[in-house]
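Notes follow the structure.
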Amino acid sequence: QVQLVESGGGLVQAGGSLRLSCAASGVIFSAADMGWYRQAPGKQRELVAYITRGGNTNYADSVKGRFTISRDNANNTVYLQMNNLKPEDTAVYYCNLAILGNYWGQGTRVTVSS
């Protein structure tokens, strides 16, 4: 059974940083593509960053140059380093794992105050 557990969310002032973590279990992590998505109140869930099993990355235009996605296959964990946070980054952030289907974590809330 695939499980994803996110952590690292919280309240931060604009310009601050947070690092989100997502620990996976029940899957061959190194064979999976991983992504971070977010959903702000009243909006649809959107892709923030993506990293393939080969290490290729892709970012939403709104976070390019501020966010970095990385993975640690030895510890079955994907990270999202978020710098220079803005109030518009406020959302619930979800970890996604894609391997023979899509799996989601429970989400971690990020609130950026102005």
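Before moving on, here are some points about what is shown:
- Accessible carbon and sulfur surface of the stretch 1-91 relative to its total accessible area, %, 1.4 Å: 44
- Taking a point 7 Å out from the Cα of R109 in the direction of its Cβ, the residues of the stretch 36-55 whose backbone N falls within less than 20 Å of it are 37-46.
- C-alpha center-to-center spacing [the stretch 1-32, the stretch 46-114] in angstrom: 8
- Cβ-derived FRET efficiency at R0 22 Å, Q1 paired with A60, nearest 0.05: 0.15
- Averaged per residue, the chain has 52 square angstrom of accessible surface, using a 1.4 angstrom probe with ligands and nucleic acids left out.
- Shown here are the Rg and Dmax of the Cα trace of the stretch 1-59, at 13.4, 38 Å.
- The alpha carbon convex hull volume per residue for the chain rounds to 92 Å³.
- Taking amide H as placed 1.01 Å from N in the peptide plane, T90 has its amide H under 5 Å from the amide H of V112, each at least 5 places away in sequence or on another chain.
- Nearest-10 value in Å² for the accessible area of R71, using the 1.4 Å probe: 50
The values are calculated or read from the model by the stated rules, or taken from the named source; none is laboratory data. Keep in mind it's a predicted model, so treat the numbers as computed, not measured. So basically every Cβ, Gly included, is an ideal-geometry build from the backbone, and we count neighbours across all protein chains shown. Accessible surface areas use protein heavy atoms only, side chains included; no ligands, DNA or RNA. Shrake-Rupley method; radii C 1.70, N 1.55, O 1.52, S 1.80 Å.
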